[in-house]
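I have placed the structure first, in the form of structure tokens, so that the comments after it can refer back to it.
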């Protein structure tokens, strides 16, 4: 009777599990990498894809390059250049640099270039507020309308509040309420406490500043 081959693993232990790079232990999934390199910046904001803007710029550049290439090939073949290019060259040759149309065209080109640079260097998606990401490997965000809706429900639960209007921005939340009974200072303090707790529970990475105003309803004549 043949003897069994000695086990490669110590008694009572199975084969070792390989840990993923960046994982927190055996059998634990590794954190997900950011979807975009820019998402790893300090501000943590989401970056807009801007597909429409990129498609428009690509179409304009491709169309202009194709027309210029065709015109250059036509001139090289001994044919006259396109009429619009000859007219444009004649106008640029005759007009001085301080001409009104030259300045207007240069200003429009500079404004378009600055706009494209702003789109390329800014995140966009201003309506999406990033949430904290402590140990959760998923990036999450809240829409500003959702933030305003949650805080409005919190404010309406305060005794004495008749109606509430909440406007959420990236850096501040403005709350305007109408109270039909109780002292205005007490209502304002209770609203500040409730809304501060609500903002803390939202888990935003940068909690917005809070501005609360309470007034009495307008008197009917």
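What follows is calculated from the coordinates using simple rules that are stated; it is not laboratory data. In this text the structure is predicted, and so the values were computed from the model without any measurement. Counting neighbours? That spans all protein chains shown, and the Cβs are built from the backbone with ideal geometry, glycine included.
How long are the semi-axes of the equivalent ellipsoid of the stretch 40-84, defined as square roots of 5 times the Cα gyration tensor eigenvalues? Whole Å, largest first. Numbers along the way, then the final one.
Values: eigenvalues 332, 19, 8 Å².
Working through the eigenvalues yields semi-axes of 41, 10, 6 Å.
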Legend entry - All-pairs Cα distance distribution in the stretch 51-121, expressed in whole percent, bin size 10 Å: 16, 32, 35, 16, 1
Legend entry - Label-to-label distance, nm, for residues given as residue 213 and residue 125 (7 Å Cα→Cβ offset): 3.3 nm
Inset, instruction - With just the Cα atoms of the stretch 127-220, tell me how far they stretch along each of the three principal axes, in Å, largest first. - result: 53, 21, 17
Inset, instruction - Would you mind giving the three semi-axes, in whole Å and largest first, of the ellipsoid equivalent to the stretch 121-160 according to its Cα gyration tensor? - result: 27, 15, 6
Inset, instruction - List the pair-distance distribution P(r) of the stretch 180-221, using every Cα-Cα distance, as the percent of pairs falling in each 10 Å bin from 0 up to the bin containing the longest distance, rounded to whole percents. - result: 25, 42, 23, 9, 2
Inset, instruction - Evaluate E = 1/(1 + (r/R0)^6) for residue 138 and residue 60, where r is the Cβ-Cβ distance and R0 equals 35 Å; express this FRET efficiency to the nearest 0.05. - result: 0.40
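Using a 10 Å cut-off on Cβ atoms, rank the peptides 202-208, 70-76 from the highest mean neighbour count down.
Details: 202-208: 15.7, 70-76: 12.0.
Averaged packing, sorted descending, gives the order 202-208, 70-76.
Neighbour counts of other C-beta atoms within 10 Å: give me 99, 190 arranged from fewest to most.
Numbers: 99 13, 190 19.
Ordered from fewest to most neighbouring Cβ atoms within 10 Å, 99, 190 come out as 99, 190.
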Legend entry - Residue-span extension gain [residue 183 to residue 86] - 0.36 nm each, minus C-alpha spacing: 27.1 nm
